[in-house]
Each structure stands twice: as structure tokens, then as C-alpha cells.
Amino acid sequence: MPREVEHDATGPYVLTPEDIDPDHGDIAVCRCGLSPEFPFCDGSHRATRDEDPDAVYRYPDGPDGERRAVADAENQGGEVGGGVGCAEGVVAIHEARGPRIVDPEELTAAGGRLELVLADLATEVLDGSEDDQ
Ligand code: FES
């Protein structure tokens, strides 16, 4: 069920009041790692519904393309790279199959500017530190 994903993160993802979805009144932040709109959820997590819980996957062509199992869950991160995102990015393991919902009050409490780093959204960052994000 985990996914190995490459991100081109070069710093924190900064959420502001402009990111609040007017239809839902909150911000859905992607934790599955598959959204082309990362860090925002766009529903791409639906592609994970039938993942084998014992496999680690990559989605080299994005959530609408074919996925491939690259390892079993106990050996995740053995072969890194080639996932969604740029070729020279930070590699992370994502296990979540749905978004983190940020309430506007959480944003207000953070001073109207909430910073998230990849380690807040992924299960594990394999290659790259928070300084690299
Ligand atoms: S697209 Fe990743 S959690 Fe929704």
C-alpha cells in the first residue's frame, strides 16, 4: 500500500486564506503523494483504492497511468526514484489514502500562514532532508 513518490519540493508548502476551497470551506492537503496539484488534494488518491497492502508502488505516469509494484512493504525504499514529480527531487513514502483537511481556524491560529514540509504529509522522507524541501 505505500507509494514511493518523488517531489520537486524546494521549501515548505505555505497555505494562506486564498487556498481555502470556497465550495468546502477548508483546504484539502494531499497525503497520498499522487496529486499533480501537490500539495493540494485533487482526488487522485482514488487510484490507491485497490493497492495491495503488502506492496510498495510507483505511479511513473501519474495517478491516471499504470502503477507498478517495486518492492514489498518490508523493503520499501530499496530502489528509489522514478515516481511522480521531477527526476531530481526528494523521494518520500506515502501511506495515506486521503487528504489532511486544514480547517480555516487552524490557519487563523497559525497567523494566516501555515507552513507544511514534506515530512508533515509523507510517512517517511527517504532521500533529502527538510532543509532540502
Ligand atoms: S490526491 Fe492525494 S490525498 Fe487526495
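From the residues in the range 41-53 that are away from the ligand (no atom under 12 Å from the Cβ) and in contact (Cβ under 8 Å) with a residue 24 or more places away in the chain, which one is surrounded by the most Cβ atoms within 10 Å (Cβ to Cβ)?
Looking at the filtered set, the residue picked out is E51.
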Of the candidates P60, P36, the one satisfying the condition of being farther than 21 Å from A110 by Cα, within 16 Å of the ligand (Cβ to nearest atom) and either not in a loop (DSSP other than H, G, I, E, B) or not acidic (D, E) (or both) is P36
Listed residues A28, A87, A71, A9; which is modelled with pLDDT under 95 and in a strand (DSSP E or B)? A71
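The values are calculated or read from the model by the stated rules, or taken from the named source; none is laboratory data. Since the structure is predicted, the reported quantities are computational estimates derived from the model, not experimental observations. Neighbour counts are summed over all protein chains in view; Cβ atoms, including those assigned to glycine, are modelled from backbone coordinates with ideal geometry.
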